[in-house]
Amino acid sequence: IEGPLMRTNQPKYLAAGAATLAVVGLLGYSATNFASPSLGAGVTAVQSLARAGVRGVAMRPKMGTSEKALLEKAFQANPAKHSLIKKAGALTESLKRTGLSTQQIAAGVVCQHGKETGNEALMGACNIEWYGPNRPKWLGPFSSGMDIPSYLNGEYPGDYGWDTMGLSADPATFAAMRNAELIHARWAMLGTVGCLYPEYMRLYGGADYPVWFKAGAQIFADEGINYAGNPNLIHAKSAIAVLATQVVLMSFSEAYRIRGGPLGEGLDLNYPGGPLVDPLGLADDPEDFAILKVKEIKNGRLAMMAMLGFYVQAIVTGKGPLENWAEHIKDPYNVNGLTNFAATKFVPPETAL
């Protein structure tokens with residue numbers, strides 16, 4: 001158990017040791033003690049035995065009489081392997097006390113076993129890196145041997161090696177597309193919250209808010225748009241005034257992001273940081289910052305797909321996403337995407353300009 005695992009930190013080193021003990025004990029019991037028809041029961045028994053040394057990890061709530069008898073037989077036949085499994089359980093318990101979760105320990109076991117056996121599918125559990133050549137690829141365990149473009153080398157967050165059309169082969173185009181994706185991702189994350197919140201308050205909070213795709217038309221109504229339903233907060237009645245305000249605010253923010261200013265010079269175009277953008281200093285640590293970048297782009301991509309779904313649902317059903325979801329849960333067989341092929345249920349409201 002040497003190499004990268006040993007060179008990182010003690011918890012990961014201990015995880016490798018627990019992996020080896022668990023794998024050896026599991027294979028030893030299943031190979032020597034149980035006939036083929038009883039292999040499944042044997043594995044269950046070994047799991048229960050490991051539980052005896054790991055009080056905090058409940059693999060199964062209870063053991064039946066047959067399992068207990070099988071365990072007793074295993075104990076008597078192989079006391080050395082019995083001791084080995086108990087040590088693995090005790091080591092797992094010590095790992096949990098260091099702060100590792102059961103999922104992290106299990107990933108370490110699978111990763112170590114994959115390295116020992118050369119099983120690439122199991123070694124996929126070792127992919128805790130999000131940058132560089134060892135990062136996860138877009139086809140997961142089936143990505144081995146794929147011809148990944150040379151310009152997708154894992155330098156940037158969210159790079160899964162996928163560019164089948166070569167759209168990012170030109171460096172300048174690649175930089176522009178990364179910037180556009182990130183900006184759209186951030187707007188989409190804000191947009192999903194903006195679409196869901198008023199509908200949630202209308203359905204479950206008793207508020208009189210319109211569905212998201214009809215909210216903008218409220219500015220042409222006599223009462224205008226009241227932020228959070230309160231006219232004392234933001235009372236918008238002029239589309240021109242709203243547009244002008246957005247232009248001014250966005251101009252200042254974009255100028256700061258692109259050119260910097262008194263609060264920051266030479267800022268990163270995509271991650272300007274600084275006291276205005278990151279007042280809490282969440283990205284001060286380089287390692288934490290690298291992980292936050294990955295989380296941002298992954299959630300942003302999911303939000304962009306969600307917004308696309310919101311658009312399609314609005315056109316097809318004329319309802320918001322939460323109302324669509326509630327109707328689907330109530331009658332999933334008759335209310336789903338396959339029962340709504342034609343966009344015939346949405347009629348734009350009449351507005352007086």
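The values are calculated or read from the model by the stated rules, or taken from the named source; none is laboratory data. Everything numeric here is computed off the predicted structure, so don't read it as measured data. Note that we place each Cβ from the backbone using ideal geometry, even for glycine, and neighbour counts take in every protein chain shown. Quick note on the areas: whole protein, heavy atoms, side chains included, nothing else; ligands and nucleic acids left out. Shrake-Rupley method; radii C 1.70, N 1.55, O 1.52, S 1.80 Å.
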Exercise for review: Beyond 22 Å between alpha-carbons counts as too far, so tell me which of Lys73/Lys96; Lys115/Lys137; Lys214/Lys237; Lys73/Lys115 fall in that bin.
Suggested key: Lys73/Lys96; Lys73/Lys115
**Study point:** Under the Karplus curve 6.51 cos²θ - 1.76 cosθ + 1.60, θ = phi - 60°, whole-Hz ³J(HN,Hα) for the range 315-321, x wherever Gly or Pro sits
**Key:** 5, 7, 9, x, 10, x, x
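For a test of the definition: using alpha carbon positions, the gyration tensor, and the 1.5 limit on a/c, classify the range 204-243 as rounded, prolate or oblate. If you can, show how the numbers build up before the last one.
Details: a/c = 2.27, a/b = 1.43, b/c = 1.59.
Note, shape of the range 204-243 comes out oblate.
Largest first, what is the accessible-area ranking of Trp130, Trp138 with a 1.4 Å probe? Present the calculation step by step, with values, prior to reporting the outcome.
On the way: Trp130 75, Trp138 105 Å².
My answer, sorted largest first, is Trp138, Trp130.
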**Study point:** Whichever aspartates and glutamates have a C-alpha closer than 14 Å to that of Lys81, once near sequence neighbours (fewer than 8 apart) are set aside
**Key:** Glu72
Point to revise | Cα→Cβ-extended label distance, 7 Å offset, between Asp222 and Ala77, nm | key: 8.7
Revision key, fill the gap. Rounded to one decimal in nm, the spacing of the 7 Å Cα→Cβ label points at Tyr131 and Asn179 is 2.1
**Study point:** Cα-Cα separations in the range 205-302 greater than 17 Å, expressed as whole percent
**Key:** 68
Exercise for review: Step through the residues of the range 140-156 one at a time and calculate ³J(HN,Hα) from phi using the Karplus curve (6.51 cos²θ - 1.76 cosθ + 1.60, θ = phi - 60°), rounding each to whole Hz and writing x for Gly and Pro.
Suggested key: x, x, 9, 7, 4, x, 6, 8, 7, x, 5, 7, 9, 9, x, 6, 10
**Study point:** Label-point separation, Glu93 to His235 (7 Å along Cα→Cβ), nm
**Key:** 6.7
**Study point:** Relative packing of 275-287, 302-314, which averages over residues the other C-beta atoms within 10 Å, highest first
**Key:** 302-314, 275-287
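So if each residue of separation counts as 0.36 nm, and I subtract the Cα-Cα distance between Asp284 and Tyr160, what length gain in nm does that give?
Using 0.36 nm per residue and subtracting the Cα-Cα distance, I get 42.1 nm.
Pop out the carbon and sulfur fraction of the accessible area of the range 284-344 as a percent, whole number, probe 1.4 Å.
Details: 2640 of 4100 Å².
Summing carbon and sulfur atoms, their accessible area is 65 percent of the total for the range 284-344.
Can you give me the % of accessible surface on the range 168-230 that is carbon or sulfur? Probe 1.4 Å, all protein chains present, nothing else counted. Numbers along the way, then the final one.
Numbers: 2330 of 3740 Å².
With neighbouring chains kept in place, the figure for the range 168-230 is 62 percent.
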